[in-house]
Each structure stands twice: as C-alpha cells, then as structure tokens.
Amino acid sequence: MTGLLPAAWMVLLVNLFWVRHQDAVGPRGLAYGQGANLSSNLFIELAIGAIEVAVLTAVLQPWLQGPIWRRALVALALFLPWLFFAFAIGMHAGSMSSAHTLWRLCIAVMIGAVAFVSGFRSLIRRRAAV
C-alpha cells in the first residue's frame, strides 16, 4: 500500500503529459478551455496532484499495521468534497483539468475499495475470534 499513492501520481504525470501532447496548439489556435501557457497549466496540475497525494498519504498512514478502514473512511470524507468541487469547476476547464479530475475519481474509488475490503476483513477476523 505504501507505494500505491506515488505510483498513482506517476500515472497522473504520464496522463497529463499525454493530454498536453494531444492539446498542442494547432492552426486554429488553442483548444477550448486551455490557457495561453499550457506548460504552466501542466505544472500547476502536477503540483496539485502532488499535494493531494501527500495529504492522502498523511491521512492513510500506510506504514502503520492493522486495519486501515477507519483511516480510509476519513480520507474519503476529506477527498470526496474536493472531488465534487473539482467536478463543478472542471465542467468548463480544459482537458488537463478534466484528466486530473478523472484521476481523482479513480483514487476515490480505490480508497473506497480499500475501506470496504479492510472493513470486511476486520469483521471476518472479529467473528472468527469469538
């Protein structure tokens, strides 16, 4: 679990570079929702993604032993409002922001899956101990 969040950030990095390559300025000008400086947009999205990964790592604390479902639920409680806010403001944003929002959605689904599996395993262990 410790290496999954940095790996997820690397997926975001590759995805944003790919989207940046696809949105190169063509003969008709900038794509819809793109600012004049696509490189600065790329680095802003990567910096925001790095902050998101750092906060999630601090909340999830994957280096601790034991069930992680409580920490995963706290992470979801923090991350889901941020995801919904990103959906709202990203409605008219460019493709880099949209790709980052979809990455956020995938992260939220993965954290929800971790919370469910860890909670289920904890419940099974508790029943087996009785």
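Throughout, read-outs are computed from the coordinates displayed, never taken from laboratory work. Note that the structure is a prediction, hence the values are computed from the model and not measured.
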*Tell me, what HN-Hα J-couplings in whole Hz come from the Karplus equation 6.51 cos²θ - 1.76 cosθ + 1.60 at θ = phi - 60° for each residue of the stretch 57-66, using x for Gly and Pro?*
5, 5, 6, 6, 6, x, 7, 7, 8, x
*Starting from the Cα-Cα distance between R127 and H92, subtract it from 0.36 nm times their residue separation and give me the gain in nm to one decimal.*
7.7 nm
